[in-house]
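> Quick one: structure below, then a few questions.
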Amino acid sequence: MKVDGTPHRTVWLEGTTVRMINQPLLPHRFEIVALADHHATARAIQNMTVRGAGAIGATAGFAMAQAALLASEASFHKDIAQAAAELRATRPTAQNLFYAIRTVLDAVAAEGSDRIRARQAAVEVARQIADDDAACCEAIGTHGAERIGAGARINTHCNAGWLAFVDWGSALAPVFVAHRQGKAPFVWVDETRPRGQGARLTAWELSQEGIPHAVICDSATGHYLRTGQIDLVIVGSDRIAANGDVANKIGTYSSAVVARANGVPFYVAAPTTTIDVGAATGGAIPIEERSPDEVRYTWGLSDDGTFTRVRTTLAGGPARNPAFDVTPAELITGIITERGIIEASPAGIASVARR
Ligand code: MRU
């Protein structure tokens, strides 16, 4: 996708350096950060400099490549195993992270004791993961756009646009494609408390593409669903269980319930790398609980142009911050994958799951 007319990806590898868009600064400032080793890259995943399932996965793949490139000769496989453990501990919910780490580990292991080939394989496979993510999302856009009629009013939650992946995005890819097809979609953008991915990132992406939209408080979504002002909901996913249950940003479940109560189609868009066949149901998906300070404080640009953090609660007041929730399969109209739109059911998932 383009930023001020220039094509960009979210994250990439240059030599042994990982470069990525610094997402917490958006929409106020567009900045690229450079990360010298896998420790720095792991911290960037944990502190959400990069976030979103696909982008986290691609970043973890590149971090594993960094680890392979910088590992010592004497303890090559031990160093890489330690890097994998460090990266796995960064964020627990996004399946793409675990998929990418495992894929790079397998590629390195396949080269046995040939260190030169193992390093090359790590880099090649990490780049393939990123390219595959971009290609999957573009295909999701094509499939999903079939469900978007002329002038459709779409609601989305969080940011499952291109910033959450390497390019294109999942939930927003069908919107980008429909816009280019001349269908003139309109998007209701949930603000997405507490981190504000909708208000900060989704709205910025839509502005860059010239797509009409409005940011709404998360609590306004039910109103627009009930009053017939939303034709369909499309959200992303961080992990999909074998039975079709879907983990996504906190607040997704409530939207799905209200969409069902009002007969509005509720779609999930995700590449098949987000499927975890090891999780029989959504109950097996680990839900990340982040710092309560993300609830207590908000931040942004003040009118004098400085970044400011303000507390909205009583000092030290109790707060909880689950980052994700699970939407049961029966509330989902369909899952838009790169291989087509499937039913959120064991049979649907089995028809597209990788391994
Ligand atoms: O906490 P985040 O920002 O990494 O959350 C992930 C998300 O962006 C959403 O849950 C999204 O809808 C699915 S990931 C493409």
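The values are calculated or read from the model by the stated rules, or taken from the named source; none is laboratory data. Just so we're clear, the structure is a prediction, and the values are computed from it rather than from any experiment. When we count neighbours, we look across all protein chains shown, and the Cβ atoms used for this are built from the backbone with ideal geometry, even at glycine. The protein model used for the area step is the full one, side chains on, heavy atoms only, and it has no ligands, DNA or RNA in it. Shrake-Rupley method; radii C 1.70, N 1.55, O 1.52, S 1.80 Å.
> Assess whether V310 counts as being of a type in the set (V, I, T) and closer than 24 Å to H223 by Cα.
So V310 does not fit the description; no.
> How about the range 204-230: which of its residues are within 20 Å of the chain's Cα centre (by Cα) and open to solvent by less than 10 Å² (accessible area, probe 1.4 Å)?
Result: E205, L206.
> Out of the residues in the range 223-239 that are in a loop (DSSP other than H, G, I, E, B) and of a type in the set (V, I, T), which is farthest from T273 (Cα to Cα)?
Among them, the one singled out is T227.
> Quick check on the range 208-222. Is at least one of its residues within 12 Å of the ligand (Cβ to nearest atom) and either free of Cβ contacts under 8 Å to residues at least 40 places away in the same chain or not in a strand (DSSP E or B) (or both)? Show your work before the answer.
Start the filter on the range 208-222 by keeping residues that are within 12 Å of the ligand (Cβ to nearest atom), which leaves none.
No, the range 208-222 has no match at all.
> Would you pick out the residues in the range 141-171 that are assigned to a helix (DSSP H, G or I), away from the ligand (no atom under 11 Å from the Cβ) and open to solvent by less than 10 Å² (accessible area, probe 1.4 Å)? I'd like the intermediate steps shown before the answer.
Keep residues of the range 141-171 that are assigned to a helix (DSSP H, G or I), which gives 141-145, 162-164.
Subsequent filtering for residues that are away from the ligand (no atom under 11 Å from the Cβ) retains 141-145.
Result: G141, G144, A145.
> Do the conditions hold for T41, that is, is it within 27 Å of A242 (Cα to Cα) and within 16 Å of the ligand (Cβ to nearest atom)?
For T41, the condition - within 27 Å of A242 (Cα to Cα) and within 16 Å of the ligand (Cβ to nearest atom) - is not met.
> Run W12 past the list (1) part of a strand (DSSP E or B); (2) buried (at least 24 other Cβ atoms within 10 Å of the Cβ) and report the number of the one that doesn't hold.
For W12, the failing item is (2).
> Restrict the check to the range 120-133 and report whether at least one residue is surrounded by fewer than 24 Cβ atoms within 10 Å (Cβ to Cβ), of a type in the set (K, R) and farther than 18 Å from V233 by Cα.
The answer is yes; a qualifying residue exists.
> Next question, about the same structure. Could you tell me which residue of the range 255-277 is farthest from A329 (Cα to Cα), considering only residues that are touching a Lys or Arg at 6+ places or on another chain (Cβ under 9 Å) and more than 16 Å from the ligand (Cβ to nearest atom)?
Result: N262.
> Output the residues belonging to the range 103-118 that are in a loop (DSSP other than H, G, I, E, B) and over 24 Å from T59 (Cβ atoms).
Matches in the range 103-118: G112, S113, D114.
Yes or no, residue by residue, for (1) part of a helix (DSSP H, G or I); (2) touching a residue at least 12 places away in the same chain (Cβ under 8 Å):
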| site | (1), (2) |
| --- | --- |
| G263 | no, no |
| T273 | yes, yes |
| I287 | no, yes |
| V295 | yes, yes |
| G305 | no, no |
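> If we scan the range 119-141, do we find a residue that is over 20 Å from I56 (Cα atoms), acidic (D, E) and not assigned by TED's automatic domain parsing to the domain that holds A284?
No.
> Scanning for something of a type in the set (F, W, Y), open to solvent by 10 Å² or more (accessible area, probe 1.4 Å) and touching a Lys or Arg at 6+ places or on another chain (Cβ under 9 Å), does the range 30-48 turn up at least one residue?
No, because not a single residue in the range 30-48 is of a type in the set (F, W, Y), open to solvent by 10 Å² or more (accessible area, probe 1.4 Å) and touching a Lys or Arg at 6+ places or on another chain (Cβ under 9 Å).
> Say whether the condition of being acidic (D, E), at pLDDT 95 or above and surrounded by fewer than 16 Cβ atoms within 10 Å (Cβ to Cβ) is met by at least one residue in the range 236-247.
no
> Can you give me the number of residues within the range 303-338 that are open to solvent by less than 40 Å² (accessible area, probe 1.4 Å) and away from the ligand (no atom under 16 Å from the Cβ)?
5
> Could I ask something else about it? T93: of a type in the set (S, T, Y), crowded, with 17+ Cβ neighbours inside 10 Å and outside any loop (DSSP other than H, G, I, E, B), yes or no? So that I can check it myself, show each step before the final result.
Numbers: of a type in the set (S, T, Y): yes; crowded, with 17+ Cβ neighbours inside 10 Å: yes; outside any loop (DSSP other than H, G, I, E, B): no.
When the stated conditions are applied, T93 does not pass them.
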